[in-house]
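A.B. asks: This is the structure, below, for whatever I ask next.
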Amino acid sequence: MKIGTMSVLFGAHCAILHPWFLALAWWRLWRWRAVEDPYLGAVSLRDWRLWVAFALHDLGYWGRPDMDGPEGEEHPWWAAVILGRWFGPGWLHFSAYHSRFLARRDGRPYSMLCVADKLAIAADPWWLYLPRVMASGEIHEYMRLARDTSAKYGSKQHNSRDYASRRDWHRRMTSYCRDWALTHADGRQDTWTPPAASGPRSTTPEKRWRERPMNDCQLCQNWAGDIGHMMLTGHNENCPHGPTREDALLQLVRDLAAGMEAWAADEDGIHHAAWDAYRRAKALSGVWLDDSQEPDHG
């Protein structure tokens, strides 16, 4: 059985326990009053959709071979797709960016669900939490990452790389999570989380354009939207994996210019009727041509 599945069944993210600690953490932070979320605006415990998010947000760990590795870090998208389909794009991002590492990697603000989720870890008592992560085996990965100062948890989470016991590790881990949650409960910028914790997501338009084509993107497969935007960018307008419209337009111009060059290689150069458009396309790519470089077609 995969470690992610065990985590959801009886481990740290146990589906019948963790949502209740998350609700308790939310109540401790904001009681019944509405809190301003970057994706939903004002949201409170009186909104029944929030309780659905509590129940679903970590179920994406099911079937994952790791918790904080390349597979585990992508776990929020499973619930995000469902919540987005049911309740709208704001809920998609609210659920997806309950992961502060995913938010930092994608250059997005963390959601208020992220804050409560961190405090929920501290609300889970050690005598209930430790037996679960020991049974699931998660504790080995968590402690290994905490000891590695080059890893995502290593630099600021603990004051020491050595632990007297698993209980000592848990005490330091929950202290850090509590401090992070209380510090960021007002939505301030996250300066604690290291950037691109699991490796940087490519930011060049060319790579982003081809990273996740729409037919392979689980978000876009489940969304209808602006067909023009999807044809231009290859993604739904609400999908955080796609390029911006501006980046996509620039890439389209570059691709068209490359196509003109390929055609010209088999002919006598760029046709004079297309020269002005080609020259402006190259200028957008940072290559400046003057009229003296126009091919002479006789």
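A.B. asks: For the range 19-59, how many residues are among the aromatic types (Phe, Trp, Tyr) and part of a loop (DSSP other than H, G, I, E, B)?
C.D. replies: So the first thing to find is which residues in the range 19-59 are among the aromatic types (Phe, Trp, Tyr), and the list is 20-21, 26-27, 30, 32, 39, 48, 51, 54.
From what's left, part of a loop (DSSP other than H, G, I, E, B): 32, 39.
Of the residues in that region, 2 qualify.
A.B. asks: Please specify each residue of the range 138-151 satisfying the condition of being surrounded by 14 or more Cβ atoms within 10 Å (Cβ to Cβ) and either in contact with an Asp or Glu (Cβ under 7 Å, 6 or more places away or on another chain) or at pLDDT 70 or above (or both).
C.D. replies: Glu138, Ile139, Glu141, Tyr142, Met143, Leu145, Ala146, Arg147
A.B. asks: Check Ile16 against each of (1) surrounded by fewer than 22 Cβ atoms within 10 Å (Cβ to Cβ); (2) assigned to a helix (DSSP H, G or I); (3) hydrophobic (A, V, I, L, M, F, W, C) and name the one condition it does not meet.
C.D. replies: Evaluating Ile16 over (1) surrounded by fewer than 22 Cβ atoms within 10 Å (Cβ to Cβ); (2) assigned to a helix (DSSP H, G or I); (3) hydrophobic (A, V, I, L, M, F, W, C) leaves (2) as the failure.
A.B. asks: Identify all residues within the range 45-70 that are aromatic (Phe, Trp, Tyr) and either within 15 Å of Met112 (Cα to Cα) or more than 17 Å from the chain's Cα centre (by Cα) (or both); write none if there are none.
C.D. replies: Here is the first cut: in the range 45-70, the residues aromatic (Phe, Trp, Tyr) are 48, 51, 54, 61-62.
Correct list: Trp48, Trp51, Phe54, Trp62.
A.B. asks: Can I ask one more? Condition test on Pro213, is it surrounded by 13 or more Cβ atoms within 10 Å (Cβ to Cβ), of a type outside the set (Val, Ile, Thr) and modelled with pLDDT of 65 or more? So that I can check it myself, show each step before the final result.
C.D. replies: Numbers: surrounded by 13 or more Cβ atoms within 10 Å (Cβ to Cβ): yes; of a type outside the set (Val, Ile, Thr): yes; modelled with pLDDT of 65 or more: no.
Here the answer is no, as Pro213 does not meet what is asked.
A.B. asks: Here's another thing I want to ask about it. Just one of the numbered conditions (1) at pLDDT below 75; (2) farther than 21 Å from His93 by Cβ is not true of Arg178; which one?
C.D. replies: (1)
A.B. asks: Which of (1) within 22 Å of Arg108 (Cβ to Cβ); (2) at pLDDT 65 or above is the odd one out, the single condition Ala273 does not satisfy?
C.D. replies: (1)
A.B. asks: Could you pull out the residue among Trp32, Trp91 that is aromatic (Phe, Trp, Tyr), farther than 15 Å from Ile121 by Cα and without any contact (Cβ under 8 Å) to a residue 24 or more places away in the chain?
C.D. replies: Residue meeting the stated conditions: Trp32.
A.B. asks: Another question, if that's okay. Given the criteria surrounded by fewer than 15 Cβ atoms within 10 Å (Cβ to Cβ), at pLDDT below 70 and either of a type in the set (A, V, I, L, M) or part of a helix (DSSP H, G or I) (or both), does Gly259 qualify? Explain how you work it out, then say what you get.
C.D. replies: Numbers: surrounded by fewer than 15 Cβ atoms within 10 Å (Cβ to Cβ): yes; at pLDDT below 70: no; either of a type in the set (A, V, I, L, M) or part of a helix (DSSP H, G or I) (or both): yes.
It is false that Gly259 is surrounded by fewer than 15 Cβ atoms within 10 Å (Cβ to Cβ), at pLDDT below 70 and either of a type in the set (A, V, I, L, M) or part of a helix (DSSP H, G or I) (or both).
The values are calculated or read from the model by the stated rules, or taken from the named source; none is laboratory data. Note that the structure is predicted; figures quoted are calculated from it, not measured. Glycine gets a Cβ as well: all are built from the backbone with ideal geometry, and neighbour counts include every protein chain shown.
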